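Right, one structure below, let's go through it.
The values are calculated or read from the model by the stated rules, or taken from the named source; none is laboratory data. Note that this is a predicted model, so its numbers are computed, not measured. Because the Cβ atoms are built from the backbone with ideal geometry, glycine has one as well, and the counts that use them run over all protein chains shown. Heads up: the accessible areas ignore ligands, DNA and RNA and are worked out on the full protein's heavy atoms, side chains in. Shrake-Rupley method; radii C 1.70, N 1.55, O 1.52, S 1.80 Å.
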Amino acid sequence: MKKLAAHRWLTVFCLCALLWPVPRLAGKQATAQKFALTIDNIMRGPDLVGHEPTRVYWAPDGQRVYFRWKRAGEARLKEPDLYVVNRDGSGLRKLSEEEARQAPPSNGEVSKDKKWTLFAEDGDIFLYDNVKNERRQLTSTTDGESNPRFTGDQKHVYFTRQNNLYSLALENGALVQLTNVGGGATGSALPLPPLGAGGGFGGGRQGGGGGAGIAAQGPPQSGNASQEVIKKEERALLEAVRERAQNREEQEAKRKAREKRKPFSPPAGQAVAGLTLSPDGKYVMASVFQSASGAKNTIVPNYITESAYTEDIPSRSKVGDAQGRNRMVIISVETGEAAWIDHGQKQAAEANAQAAPPASSNTPQGPPRRPQERERDVQLLGGQWSEDGKHIALLARAADNKDRWVMVADPATGKTKVLDHLHDDAWIGGPGAFASGWLPDNKTIYFQSERDGWAHLYTVSIEGGEPKQLTSGKFEVSDVRLSQDKTRFYFTSSEGSLFERHLYSMPVTGGARTRITTMTGNNDATISPDESALALIRSYSNRPPELYLAPNKPSASASEIKQVTTSPTEEWLSYNWIDPPIVQFKARDGAEVPARLYKPANWQKGGPAVLFVHGAGYLQNVHKWWSSYFREYMFHHLLMEKGYLVMDVDYRASAGYGRDWRTGIYRHMGGKDLTDQVDAVKYLVAEHGVDAKRVGLYGGSYGGFITLMALFTEPDVFAAGAALRPVTDWAHYNHGYTANILNTPQADADAYKISSPIYHAQGLKGALLICHGMVDVNVHFQDTVRLVQRLIELRKENWELAAYPVEDHGFVQPSSWADEYKRIFKLFETNLKKSEPAPAAAAPRKTKK
């Protein structure tokens, strides 16, 4: 669950495997000291394990790599500095602010001849000379310009300013406005496509949208009869008024004569964004968004503020509320004529609330009526022009997220053709589910799909026919991109091991896949412009992410791979952090469930165990790379030292294991995802001799939710649990995540009740600790407040609440982290450890009388 990831940490952190040398920046190093395994030490977080190198990019000539990095111990709220390193791994240094400002841009579009990089910065447009390593400013205005691109002929650049598209000639600087969005009241608005009760644009009042047309003083607004008489007399009486009015009318007439292009005026309440010009310069594609009508947003009170007053933080709506809608429109650059892209998907209209009375026996009966149809509520996504400008590749997603279509659109008419349709009775998802692109023939679209149960790569011809599957097997591919010459795909894959990620390449026609990266763990590759080298962010189970440089070839040797950064402190590196073994156990339905095991070296049968439940639901935490739960990883070492066996399970709904695993919780959260935890306990008892009466669990966000469901619905299995920032009632969470899994509360009330802990709180027997940040804008503190009231009304006594006034969903302050985990540790020590027998009372001494 993308928005429900537990412990949303500020950064991810970095290191490497022990097989490669560990370089350091030149300079004085702190004297190494032995790491003391305490909660206060662990919860130093980034001050201990450092920060991951981020925003990695190559210089245009491929001779240097730039990245953002912050050393361990630097201020928590400080922005990471820009670093540079040579291609061979030498010369690592931090850039000064002025050097960073003049450095090549981290993103932008490179011209076809590779000489220029076009980018936006601080609301202006720039060109970076990739040969001279100089920047050239193209605009300097008070209006913000954004999204610059080269035109197909590379002689102009276009960009967005005030919701309109402009073209700038690189030779002479001539500026031309290409669209007239919201261009005044004289033009007529584009008729909207008909939509039924399922959402969409509806009627909407037509009017201008404040775009950047030719500025002119508007005519005086009409009033009632007496005001009109006064206005007419004023013009006849005063020469100054008469001259001003005549001048305005002349300018308006000239503007109308000059501007032949029709304005595009979206109805009130709708906004235009994402304007892109076709490569042939004939059309502009844009998205039109309509905000939700009637939705009510929540607020989050913030009690600790600079003003010393309680302040409200505007937040989200709740699941089931009306959602915003978007459509896509194509505008002719020459005429301004506009056409909505028509996805063409229909559905049967809902039956009338009040049925007509039955006809009497003598009423003439006509032919049966055909079911009425209305336009289906569908969102259009990711429009991409073919290089010849003749077609648009689109993805369409049904509002209930049970259908996805790959489409091609005709820019002249807006008509679409369905190339592939994927239906899922649960919901569409998985890696790359809403990404696509063009092959260089301008006739083939590539996309990803779980149609065989795993996220794989496909191509399909715009001329029709069945999609061609290019990858297959029980693994997933993600992050698909084309090589520079567009003859090969690069992608990340779990082929070979679901617990690792590697860079692969493959011809665009399919065939043999070549694994390129070699280091065990997770390898996130940025390929050099000439595609001869890789900048890798790589991590291992017991080493945080670090930057490496490697050749772009299969089976590179260890000597060819250069480690650039070392992020943790010497103190942290001094400790023997384990590589947790991955085990599998059989669930009650026969599924093999993966888990990481933390087993004390001096483990004795009959000891206690703790299960850690990762957050997000859709997240993988059983793998061979550095976990985002690095604090918990270290905390588990402390638990091992104190005699606990710890298990971390990738339960049903976790990422990385295919479609069936992902959707295993449909309409019942707290079903298979919880029984996987119960079956883990059975495995620990049977295989490792854990005392079945001394098992606890803890987790945050989704993990907090599972902890509550475990204590409420499996009270004889778990003796204690810590629920951190838990969802207690899914009807109060957001729409995008929850509606996928449970539908909506008004349509599927039973699914919400069976899945929400607040409806099962009467089952609590064991000891419960609830911890929650009070300014949590993801899972609101209100969730915990409502559960607390329910526990009070049920007269439950074996629970406690720790509230953190300055913390959001992911804690920031080390003091908050430490307080929370000291409470968790105390909970387990109190409830899972065997009590020492009290010493026998001494017999009273007799005294002589």
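Miscellaneous remarks
- Count - residues of the range 429-456 that are within 19 Å of G382 (Cβ to Cβ) and within 21 Å of the chain's Cα centre (by Cα): 15
- Of all residues in the range 408-440, those satisfying the criterion of being of a type outside the set (A, V, I, L, M, F, W, C), assigned to a loop (DSSP other than H, G, I, E, B) and in contact with a Ser or Thr (Cβ under 9 Å, 6 or more places away or on another chain) are D410, P411, D424, D425, G429, G430, P431, G432, P440.
- The lone exception for I299 - which of (1) β-branched (V, I, T); (2) under 28 Å from L742 (Cβ atoms); (3) modelled with pLDDT under 95 it fails: (3)
- Of all residues making up the range 720-741, the number that are in contact with a Cys (Cβ under 9 Å, 6 or more places away or on another chain) and acidic (D, E): 0
- Checked against the criteria, L482 does not count as more than 21 Å from T663 (Cβ to Cβ), more than 26 Å from the chain's Cα centre (by Cα) and at pLDDT 95 or above.
- Positions within the range 748-762 being open to solvent by less than 20 Å² (accessible area, probe 1.4 Å), in contact (Cβ under 8 Å) with a residue 24 or more places away in the chain and not aliphatic (A, V, I, L, M), in sequence order: D748, S755, S756, P757
- Screening N147 on (1) under 31 Å from the mean Cα position of the chain (by Cα); (2) more than 22 Å from G389 (Cα to Cα); (3) among the polar types (S, T, N, Q) shows it passes everything except condition (2).
- Checking I537 against (1) open to solvent by 40 Å² or more (accessible area, probe 1.4 Å); (2) in a strand (DSSP E or B); (3) hydrophobic (A, V, I, L, M, F, W, C), the condition it does not meet: (1)
- The residue that is farthest from R543 (Cα to Cα), among those in the range 500-528 that are outside any strand (DSSP E or B) and touching a Gly at 6+ places or on another chain (Cβ under 8 Å), is S528.
- Among residues that are part of a loop (DSSP other than H, G, I, E, B), in contact (Cβ under 8 Å) with a residue 12 or more places away in the chain and open to solvent by less than 40 Å² (accessible area, probe 1.4 Å), S293 is not included.
- A count restricted to the range 560-581 and to residues that are surrounded by 20 or more Cβ atoms within 10 Å (Cβ to Cβ) and within 14 Å of V622 (Cβ to Cβ) stands at 1.
- Criterion violated by D530 - all others in (1) among the acidic types (D, E); (2) under 28 Å from the mean Cα position of the chain (by Cα); (3) surrounded by fewer than 21 Cβ atoms within 10 Å (Cβ to Cβ) satisfied: (2)
- Residue check for R327: open to solvent by less than 50 Å² (accessible area, probe 1.4 Å), among the charged types (D, E, K, R) and assigned to a loop (DSSP other than H, G, I, E, B): no
For every residue, the table says whether it meets (1) among the hydroxyl-bearing types (S, T, Y); (2) under 23 Å from I428 (Cβ atoms); (3) in contact (Cβ under 8 Å) with a residue 24 or more places away in the chain; (4) not in a strand (DSSP E or B).
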residue	(1), (2), (3), (4)
G703	no, no, yes, yes
T707	yes, no, yes, yes
L711	no, no, yes, yes
G721	no, no, yes, no
T728	yes, no, yes, yes
A739	no, yes, yes, yes
Q746	no, yes, yes, yes
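- Failed item in (1) at pLDDT 80 or above; (2) within 46 Å of the chain's Cα centre (by Cα), with Q227 passing the rest: (2)
- Options Q604, Q584; residue that is open to solvent by 10 Å² or more (accessible area, probe 1.4 Å), of a type in the set (S, T, N, Q) and modelled with pLDDT under 95: Q604
Every residue, every condition in (1) among the polar types (S, T, N, Q); (2) under 23 Å from K318 (Cα atoms), yes or no:
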{"position": "T738", "(1), (2)": "yes, yes"}
{"position": "D748", "(1), (2)": "no, yes"}
{"position": "K753", "(1), (2)": "no, yes"}
{"position": "L768", "(1), (2)": "no, no"}
{"position": "C771", "(1), (2)": "no, yes"}
{"position": "H780", "(1), (2)": "no, yes"}
{"position": "T784", "(1), (2)": "yes, yes"}
{"position": "E793", "(1), (2)": "no, no"}
{"position": "E820", "(1), (2)": "no, no"}
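- Test for L787: is it in a helix (DSSP H, G or I), over 28 Å from the mean Cα position of the chain (by Cα), free of Cβ contacts under 8 Å to residues at least 40 places away in the same chain and buried (at least 19 other Cβ atoms within 10 Å of the Cβ): no
- Neighbours by Cβ (under 6 Å, 6+ apart or cross-chain): first from the range 122-148, without any contact (Cβ under 8 Å) to a residue 60 or more places away in the chain; second open to solvent by less than 20 Å² (accessible area, probe 1.4 Å) and of a type in the set (A, V, I, L, M): L127/L118; R136/L127; L138/I125; T139/I125; E145/I125; P148/L118; P148/I125; P148/V157
- For the range 639-674, a tally of residues being in contact with a helix residue (DSSP H, G or I) (Cβ under 7 Å, 6 or more places away or on another chain), small (G, A, S) and closer than 30 Å to A36 by Cα returns 0.
- Among the candidates V777, V806, V727, V788, the residue that is closer than 25 Å to I665 by Cβ and touching a strand residue (DSSP E or B) at 6+ places or on another chain (Cβ under 9 Å) is uniquely V777.
- Selection within the range 473-494 - surrounded by 14 or more Cβ atoms within 10 Å (Cβ to Cβ), more than 17 Å from T526 (Cα to Cα) and out of contact with any Lys or Arg (no Cβ under 7 Å at 6 or more places or on another chain): G473, F475, E476
- For the range 800-820, a residue qualifies if it is hydrophobic (A, V, I, L, M, F, W, C), closer than 18 Å to F705 by Cα and open to solvent by less than 60 Å² (accessible area, probe 1.4 Å), and the qualifying residues are A802, A803, F811.
- Long-range neighbours under 7 Å by Cβ, at least six apart or interchain, first residue closer than 14 Å to H636 by Cα and modelled with pLDDT under 95 within the range 34-48, second open to solvent by less than 20 Å² (accessible area, probe 1.4 Å) and not in a helix (DSSP H, G or I): none
- Scanning the range 152-177 for residues that are out of contact with any Leu (no Cβ under 7 Å at 6 or more places or on another chain), in a strand (DSSP E or B), touching a residue at least 12 places away in the same chain (Cβ under 8 Å) and aliphatic (A, V, I, L, M) turns up just one, A169.
- The residue that is surrounded by the most Cβ atoms within 10 Å (Cβ to Cβ), counting only those in the range 653-672 that are among the hydrophobic types (A, V, I, L, M, F, W, C) and in a loop (DSSP other than H, G, I, E, B), is M669.
- Some residue of the range 445-456 being of a type in the set (S, T, N, Q), modelled with pLDDT of 95 or more, closer than 30 Å to K114 by Cβ and buried (at least 17 other Cβ atoms within 10 Å of the Cβ): yes
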